[in-house]
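Below is one structure; the comments refer to it alone.
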Amino acid sequence: MTGHVFYSNCAWCGTRHDRATNATDGEECAPVDGDATVCFACGEWLIFEHGYLRRPTAAEFIEIGSDDDCRRARAAWVFMTRTSEQFTDSAK
């Protein structure tokens, strides 16, 4: 997975993002305005808009919460975060 290169900061935690990868259908494509993504640092939802990332509106949060792909993406982030924490804790 190479991903689409772009530069923006998370609207929640400020983490710098520089690429996006389509994780749902395996096709390499650039995100379009209105696409949702998860911040890899804080796990919050973001929306692509004009090349930047913004916080979702209330209506978008409802849509994200009812979308199976979004729920799976968030669950994957939680799993990766917990796995990473367990690995880090065991290395101490």
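The values are calculated or read from the model by the stated rules, or taken from the named source; none is laboratory data. If you're wondering where the values come from, they're calculated on a predicted model, not measured in any experiment. Positions of Cβ are backbone-derived with ideal geometry, glycine not excepted, and every protein chain shown enters the neighbour counts.
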Of the residues in region 9-21 that are among the polar types (S, T, N, Q) and under 18 Å from residue 73 (Cβ atoms), the one that is modelled with the highest pLDDT is 15
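Got at least one residue in region 44-59 being in a helix (DSSP H, G or I) and without any contact (Cβ under 8 Å) to a residue 60 or more places away in the chain?
Of region 44-59, the ones in a helix (DSSP H, G or I) are 58-59.
Applying the additional criterion that residues be without any contact (Cβ under 8 Å) to a residue 60 or more places away in the chain yields 58-59.
Yes, there is a match, as at least one residue in region 44-59 is in a helix (DSSP H, G or I) and without any contact (Cβ under 8 Å) to a residue 60 or more places away in the chain.
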Checked region 43-60 for anything surrounded by 14 or more Cβ atoms within 10 Å (Cβ to Cβ) and among the hydrophobic types (A, V, I, L, M, F, W, C); matches are 45, 46, 47, 48, 53
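Yes/no matrix, rows are residues, columns are (1) surrounded by 11 or more Cβ atoms within 10 Å (Cβ to Cβ); (2) part of a loop (DSSP other than H, G, I, E, B); (3) in contact with a Lys or Arg (Cβ under 6 Å, 6 or more places away or on another chain); (4) in contact (Cβ under 8 Å) with a residue 12 or more places away in the chain:
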site	(1), (2), (3), (4)
5	no, no, yes, yes
12	yes, yes, no, yes
17	yes, no, no, yes
29	yes, yes, no, yes
40	yes, yes, no, yes
64	yes, no, no, yes
73	yes, no, no, yes
Please find, within region 54-86, the residue that is farthest from the chain's Cα centre (by Cα) out of those that are of a type in the set (Val, Ile, Thr) and more than 21 Å from residue 31 (Cβ to Cβ).
83
Odd one out for residue 24 among (1) over 13 Å from the mean Cα position of the chain (by Cα); (2) modelled with pLDDT under 90; (3) among the hydroxyl-bearing types (Ser, Thr, Tyr)
(1)
